[in-house]
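Asker: Take this structure first; my questions come after.
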Amino acid sequence: MKVLVTGGAGFIGSHCCVDLMTHDVEVVVVDDHSNSSPLALDRVAELAGRELASYAVDVRDPAALDAVFREHGFDAVIHFAARKAVGESVEMPFEYYDANVGGLLNLLRTMRAHEVGRLVFSSSCSIYGDADEVPIREETPARPASPYARTKWFCEQILADVCARDSAWSVMALRYFNPVGAHESARIGEDPRGVPNNLMPYLTQVAVGRLRELSVFGDDYPTVDGTGVRDYIHVMDVVEGHRAALERMDAPGFRSLNLGTGIGTSVLQLLAAFTQVCGRELPYRIVARRPGDVAELVAAPDRAARELDWRSRRDVLDMCRDAWRFQQRNPQGYESA
Ligand code: UD1
């Protein structure tokens, strides 16, 4: 099987490439490196023990993407390439619609021209917004609360419409909850540019001394200890979910599936787990809520268990341990290695 992975140098994409390549899938990457390092792909090849073809291509570029499809006969595509910072999407909505919706449309156009109909699409739990019911099932009405979340929701609707009309398509949208952690080798991991937006990379950078203290965004939510609750999931579990999806794309049509653990962890609980793993207390301060944040997002993971025969296997301590090891061995990320 030969698979195109867009955004293959990014956090989830790079782990997905390693997982596929170590399971006899031939992988080709396109990535414009707008938010990823090409060095991640060298590490992927090293971990997989073989080379992979990669192209510095923006998925919105029709001619460049077409040339990649012309060179390779793909059986399927996994589409990670997108922008993902919620706050930034409020500041620059056009760029988010252009990259995320525009990128998908050009990819679909190219896939159709080359008669490739199988697609695994990166969606997000953020499409649910402030959900009325937790755990969140796929039937929970979408209420996306940011331009970023709306790009993911619109993409899902485009895909559903396309599949409804043409049985040549088989598409799975995987709605990730909060992917964290790193490959157990500590050779690849999460390496955000600038100050991290997200909790786990922020924690690891405090622990390694790059940042002074953690700001906990609010302790007055209606949750176990007042801090925000999320469904953190190990990135290797996430990518194993993609492999399970690829193996089950024979039926035409559109499906959306949550990829989560079903277990909620508060900010202070994650901090406590991380402290246990890194062996010392980390400085933190309670500050105001972050605009746009919700109290609790936890997946009902049953549909993926049923339809993909997939379940997460790694716990919060595994996630903290692997994220911490990657940060320790790569204190300044990939570029300074
Ligand atoms: C968000 C998006 C998600 C997106 C992900 C990656 C929503 C609902 N979710 O996840 O779709 O894919 O970002 O960009 O929009 N926190 C702190 N201090 C920090 C950072 C975070 O206390 O310095 C808290 C937050 O308030 C939240 C929790 O930690 O309660 C997790 O935050 P974060 O890691 O940023 O992820 P989400 O906002 O859940």
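The values are calculated or read from the model by the stated rules, or taken from the named source; none is laboratory data. Nothing here was measured: the structure is a model prediction, and the numbers come from that model. Cβ coordinates were reconstructed from backbone atoms using ideal geometry, including for glycine residues, and neighbour counts include every protein chain displayed.
Asker: Hey, does the stretch 147-163 have a residue that's on the phi > 0 side of the Ramachandran plot and either part of a loop (DSSP other than H, G, I, E, B) or in contact with a strand residue (DSSP E or B) (Cβ under 6 Å, 6 or more places away or on another chain) (or both)?
Answerer: Within the stretch 147-163, none of the residues are on the phi > 0 side of the Ramachandran plot and either part of a loop (DSSP other than H, G, I, E, B) or in contact with a strand residue (DSSP E or B) (Cβ under 6 Å, 6 or more places away or on another chain) (or both).
Asker: Return the total of residues in the stretch 263-288 being in a loop (DSSP other than H, G, I, E, B), surrounded by 15 or more Cβ atoms within 10 Å (Cβ to Cβ) and out of contact with any helix residue (DSSP H, G or I) (no Cβ under 9 Å at 6 or more places or on another chain).
Answerer: Number of matching residues: 1.
Asker: Shifting gears a bit: Hey, among the residues in the stretch 197-226 that are touching a helix residue (DSSP H, G or I) at 6+ places or on another chain (Cβ under 8 Å) and closer than 18 Å to His15 by Cβ, which one's farthest from the ligand (Cβ to nearest atom)?
Answerer: Only one residue fits best here, namely Thr204.
Asker: Additional query: Mind checking whether some residue in the stretch 20-28 is more than 21 Å from Ser124 (Cβ to Cβ), of a type in the set (S, T, N, Q) and touching a helix residue (DSSP H, G or I) at 6+ places or on another chain (Cβ under 6 Å)?
Answerer: Within the stretch 20-28, the subset more than 21 Å from Ser124 (Cβ to Cβ) is 20-28.
Filter again for of a type in the set (S, T, N, Q), leaving 22.
From the residues that got through so far, the ones that are touching a helix residue (DSSP H, G or I) at 6+ places or on another chain (Cβ under 6 Å) too are 22.
Scanning the stretch 20-28 turns up at least one residue that is more than 21 Å from Ser124 (Cβ to Cβ), of a type in the set (S, T, N, Q) and touching a helix residue (DSSP H, G or I) at 6+ places or on another chain (Cβ under 6 Å).
Asker: Does Ser124 satisfy the criteria of being under 19 Å from Gly8 (Cα atoms), more than 10 Å from the ligand (Cβ to nearest atom) and among the hydroxyl-bearing types (Ser, Thr, Tyr)?
Answerer: no
Asker: Sticking with this structure for a sec: Which residues, taken from the stretch 115-139, are buried (at least 18 other Cβ atoms within 10 Å of the Cβ), modelled with pLDDT of 95 or more and part of a loop (DSSP other than H, G, I, E, B)?
Answerer: Val116, Gly117, Pro135
Asker: Quick one: in the stretch 289-334, of everything that is over 30 Å from Pro141 (Cα atoms) and surrounded by fewer than 16 Cβ atoms within 10 Å (Cβ to Cβ), which residue is farthest from the ligand (Cβ to nearest atom)?
Answerer: Arg329
Asker: May I ask you to list the residues in the stretch 172-196 that are more than 14 Å from the chain's Cα centre (by Cα), closer than 21 Å to Pro301 by Cβ and within 9 Å of the ligand (Cβ to nearest atom)?
Answerer: Of everything in the stretch 172-196, nothing turns out to be more than 14 Å from the chain's Cα centre (by Cα), closer than 21 Å to Pro301 by Cβ and within 9 Å of the ligand (Cβ to nearest atom).
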